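> The structure's right below; bear with me while I get my questions together.
The values are calculated or read from the model by the stated rules, or taken from the named source; none is laboratory data. These figures come from a predicted structure and were not determined experimentally. Cβ atoms come from the backbone with ideal geometry, glycine included; neighbour counts cover every protein chain shown. Side chains are part of the model used for accessible areas, which takes the heavy atoms of the whole protein and leaves out ligands, DNA and RNA. Shrake-Rupley method; radii C 1.70, N 1.55, O 1.52, S 1.80 Å.
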Amino acid sequence: MSPSRPKRIVSLIASATEIVFELGLGEFLVGRSHECDFPLAVLDLPCCTRPRFDCSGNSSEIDLLVKQSLRDALSIYEVFDDVLQALQPTHIITQTQCEVCAVSLRDVERSVASRLKSCPKIISLSPNSLADIWDDFRRVADGVGINAEPTITKLLLRAATVTESVPQGPRPRVACIEWLEPLMAAGNWVPELVELAGGENLFGNAGEHSPWMTWEELLATDPDIIIAMPCGFSIERTLPEMHWLTERPGYCNLRAVQNARVYVADGNQYFNRPGPRVVESLEILAEIFHGATSKHSAAFVRLPVPS
């Protein structure tokens, strides 16, 4: 179904950009954030944002820069007012869930958006759980006057196929790690995905922000499976950072390490994006837990047992 009149949509969140395309609205997208990189066609669109500091450092350095910015009450991101002026969007999609993960509603309100002649409608998303993600599909669809339910139903049916195929028996005890230094467990929708994929989630609560954790807590729980999925990091960027785990005392004694069940997953493209690819994230977890298929073999790597 098409909108009743042409829209000019600017998405300032990578996951929202994917929602726009999943809803069949890609032709109306005219601008993106610096983090929007899927589908690849969006890279040809004007970029409307950038981070205020160099994000090329390691986990510890980035953590310090983020905390410094928040302590000084500074936004982590800059919105390009001149680009928005040129684009004259009718809709701007932002979020209130996390000022660290993506451009926030406050960032948009600080920008020229409220003074644009196009008087854009601000659609603010707040994905804390899987149910919230489906509600965000509805918010985007409602904002442009279409029905999201057929798209949501299709994705839910695909997810149900995964959960129905989970083998019976003991569930692996799983620790999902969203940041390596300092340690942070994955929260929000990830605990739900772990349970749906047939695992027992050990850290982080469904629907709640990702919590800090200690190395001692990880040692004490001794997970069957450890998955590193740092927010915003690809596999290639995460692998050199794994020393934050592998060089800690007691690492080699962990059950997951001894059984070669430590994985690095693409947190940037999958687990940290509350959009349509949460279903692929579910499929990836089922693959890791149960080894049923190799459909998503490029989305994670298994670390070898230390020699």
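> Using Cα pairs under 8 angstrom and six or more residues apart, how large is the relative contact order of segment 185-269, in percent?
30 percent
> Would you work out which of I122, A220, G198 lies farthest towards the positive end of the dipole of the chain, given +1 charges on the beta-carbon of Lys and Arg and -1 on that of Asp and Glu, about the Cα centre?
Sorting the options by dipole projection puts first I122.
> Jot down the radius of gyration and Dmax of segment 195-307, Cα atoms only, both in angstrom.
When restricted to the Cα atoms of segment 195-307, Rg and Dmax are 13.7, 39 Å.
> At 1.4 Å probe size, with no ligands or nucleic acids counted, give the accessible surface of H290 in Å², nearest ten.
Only protein atoms counted, so the area is about 60 Å².
> Find out how many positive minus negative residues lie around P240, taking Lys and Arg as positive, Asp and Glu as negative, among other residues whose Cβ is under 14 Å from that of P240.
Residues near P240 contribute -4 overall.
> Given a Förster distance of 25 angstrom, what is the FRET efficiency for V301 paired with N259, based on the Cβ-Cβ distance and rounded to 0.05?
That gives a FRET efficiency of 0.95.
> For I92, what residues show an amide H to amide H distance below 5 Å, using hydrogens built from the backbone and excluding near sequence neighbours?
Result for I92 returns V10, K121, I122, I123.
> Could you point to the residue in P276, L254, C47 farthest towards the positive end of the chain's charge dipole, with +1 and -1 charges on the Cβ of Lys/Arg and Asp/Glu respectively?
Of the options given, the answer is C47.
> At a Förster distance of 41 Å, what's the computed FRET efficiency of H209 paired with K117, Cβ-Cβ distance as r, to 0.05?
Calculated transfer efficiency: 0.65.
> Here's something else I'd like to know. If I take every Cα pair under 8 Å that is 6 or more residues apart in the chain, average their sequence separation and divide by the length, what percent do I get for the relative contact order?
Relative contact order for the chain comes out at 15 percent.
> Could I ask something else about it? Looking at Q95, G187, C176, which one has the Cα that reaches farthest to the positive end of the dipole of the chain (charges on Cβ: Lys, Arg +1; Asp, Glu -1)?
About the Cα centre, the residue reaching furthest to the positive side is Q95.
> In the chain, what percent of the accessible surface is made up of carbon and sulfur (1.4 Å probe, ligands and nucleic acids excluded)?
53 percent
> By how many degrees, between 0 and 90 and to the nearest 10, does the Cα long axis of helix 149-164 differ from the longest principal axis of the chain?
The two axes meet at around 0 degrees.
> How large is the helix-only mean residue ellipticity at 222 nm for the chain, computed as the sum of -39500 (n - 2.57) over DSSP H runs with n ≥ 4, divided by its residue count, in deg cm²/dmol to the nearest 500?
The helix contribution divided over the chain gives -9500 deg cm²/dmol.
> Dipole magnitude of segment 169-291 about its Cα centre, charges +1 at Lys/Arg Cβ and -1 at Asp/Glu Cβ only, in debye to the nearest 20?
With Lys and Arg at +1 and Asp and Glu at -1, about 120 debye.
> Suppose all protein chains stay in the model; what accessible area per residue would a 1.4 Å probe give for segment 148-252, in Å²?
Result: 44 Å² of accessible area for each residue.
> With every protein chain present, what accessible area does V305 have (1.4 Å probe, heavy atoms only), rounded to the nearest 10 Å²?
Spelled out: V305, probe radius 1.4 Å, area about 70 Å².
> Magnitude of the Cβ-charge dipole of the chain, K/R +1 and D/E -1, about the Cα centre, nearest 20 debye?
The calculated dipole for the chain is roughly 700 debye.
> Let me ask something else about it. Over all directions, what mean area does the Cα convex hull of the chain project, stated in square nanometres?
Computed as one quarter of the Cα hull surface, the answer is 15.8 nm².
> At 1.4 Å probe size, with no ligands or nucleic acids counted, give the accessible surface of L239 in Å², nearest ten.
80 Å²
> Can you give the % of DSSP beta bridges in the chain that are antiparallel, to the nearest 5?
Antiparallel bridges make up about 30 percent of those DSSP assigns within the chain.
> Just add up the charged neighbours of A131: K/R +1, D/E -1, any other residue whose Cβ is under 13 Å from the Cβ of A131.
Here the count lands on -2.
> Follow-up. Per-residue HN-Hα couplings for segment 20-34, Karplus 6.51 cos²θ - 1.76 cosθ + 1.60 at θ = phi - 60°, whole Hz, x for Gly and Pro?
4, 5, 4, 7, x, 9, x, 5, 9, 7, 10, x, 9, 8, 5
> So if I take the alpha carbon set of segment 253-297, get Rg, then get Rh from the Kirkwood formula, what is the Rg over Rh ratio?
1.03
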